[in-house]
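See structure below.
What follows draws every value from the coordinates through simple rules; no lab data is involved. Please read these numbers as outputs of a predicted model, since none were measured by experiment. Cβ: placed from backbone, ideal geometry, glycine included. Neighbour counts: every protein chain shown.
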């Protein structure tokens, strides 16, 4: 049983003061100022007056910002969906692997995840660019086929793989896949295997067992995997910045340009907080689903 | 790799749940493996390529490593990143462990709020936190210029601790859940002070989680680009920020060489962490022992 803090006042106060101070002073105050700025106005070059105006939020409803929000949500959603489809079989295979193989497979999933995000994005640029490895292979295959066909295919045109929406989604899936696989594995591993065996024994196929037994049982875990992938994908800055083209800007890129080039901090602050609210809505939804899930199980 | 050898050893047809031994899943795993690893492996391979254009293999060379190691600003950036990661790790582990122990040990008013508050830095989008730090260090706590090294990195270290220590707290709390409170009470009954009981009984128990949390904090700090990008002034450059400006400029083998060095360091650290925690760390809480 936990101790009441009054029984050991000195130690309690010493232990809580450092984390509490750090959290308040170096996290909540910075975010709080941004929140206040989102209701402020630019006065001169560097001064911002807090006027309580909603105009920054209203400005976020002007073209092209709603479109960018929808596009970001859409890109993050597509990324999450692809991660789920690609990651689920992997998580399933890891769950039912023998112990030794299990550790190695988990390590193999985690290693890229530990590698620097910027380096991973840079690696993708080298793969996808016009003179990248994919286009080189394609060029070589094209030349071979063309030789056989006697030049019937015409001139070689490289695939446009970089600086468009495709490369952004590709990059986000590449970066976020481990985020999806690890929570999925963790839920699937806690599942009661005898239920799966029962379903298979009673004549259900693997696919129908998957959808009728595994998915309902692991529902909450799948939801948390979706959320863990969706939130960072929605707020991603580096991937659209380096891999995207002029039309694949996401919310984070707009926020960055408001704070750096456009120097409109109040508007940037409002956009940041819209992103924070979207994140909280996502978390609240997940909490609701989890509660419903628990209620059903009880 | 492992899957194929496993299939060869046993010729018995796969059991109903041995998904790893079925070929569609094996093929899927191989494809995902290529997807995750091919870009990184090719990046490392081409750092040894003797060609500026970085496309066709021209022969083995180490000259880009020499070039990267002679690039003073790259070395400075690398040293800065390592210093920041070390300092923020030490602070994060201490503060994170304190938060975890307080939450585990005491009942107090506002506990739920404190607990929720600790979770917020984990979920808030990086860009929002970066913007917060930019504003904070511009308006509230302007970081003086021209401070001697390493004090000029102080603002970045502060920002890194803010997003790392809640992760450490989560890791340590998970470990504390398995601690038998009676042990601490026994120590106190036997005359140990509150502080002694904490340091001699609780801390040894959570030691593996301190190491794991520390490594997590170290990697998070080394990995961070967005928050550093917003926090750092124009004069301080960290490794990711430097690589970012090099990547924007062009794709050169020098960047490949620098990246390869960082990847090797990360892989070594990961293996070191696993050695510290024992091989069961990866399947922690799952694995065979609790089945």
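One table, with the values for the structure above:
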read-out: Computed [θ] at 222 nm, helices only, for chain A once each DSSP H run of length n ≥ 4 contributes -39500 (n - 2.57); value: -23000 deg cm²/dmol
read-out: Other protein chain Cβ atoms within 10 Å, averaged over every residue that makes up A:232-244; value: 3
read-out: For residues of B:20-30, the mean tally of beta carbons on other chains within 10 Å; value: 4
read-out: Centroid-to-centroid separation of the range A:49-114 and the range B:141-214 [C-alpha atoms, Å]; value: 30 Å
read-out: Value of relative contact order over the range A:236-298, rounded to a whole percent, pairs C-alpha under 8 Å and six or more apart; value: 20 percent
read-out: Whether chain A is rounded, prolate or oblate, judged on the alpha carbon gyration tensor where a/c under 1.5 counts as rounded; value: oblate
read-out: For the range A:157-298: rounded, prolate or oblate by the Cα gyration tensor [a/c cutoff 1.5]; value: oblate
read-out: For the protein assembly as shown, the spread of Cα positions along each principal axis, largest first, Å; value: 89, 72, 50
read-out: Whether the range A:247-297 is rounded, prolate or oblate, judged on the alpha carbon gyration tensor where a/c under 1.5 counts as rounded; value: prolate
read-out: Mean Cβ neighbour count within 10 Å, used as a protection proxy, ranking B:61-69, B:158-166 highest first; value: B:158-166, B:61-69
read-out: For the range A:225-245 and the range B:71-86, distance of Cα centres in Å; value: 27 Å
read-out: Exercise: per-residue mean of other protein chain Cβ atoms within 10 Å, B:142-155; value: 0
read-out: Per-residue [θ]222 nm for chain B (sum of -39500 (n - 2.57) over DSSP H runs n ≥ 4, rounded to 500); value: -22000 deg cm²/dmol
read-out: Ranked packing of A:173-181, A:241-249, most packed first, by mean Cβ within 10 Å; value: A:173-181, A:241-249
read-out: Relative contact order for the range A:1-116, counting Cα pairs under 8 Å that sit 6 or more residues apart, in percent; value: 10 percent
read-out: Sequence-separation-based contact order of chain B, relative, with Cα cut under 8 Å and 6+ spacing, percent; value: 27 percent
read-out: Peptides ranked, highest mean first, by Cβ atoms within 10 Å: ranges B:74-86, B:106-118, B:169-181; value: B:74-86, B:169-181, B:106-118
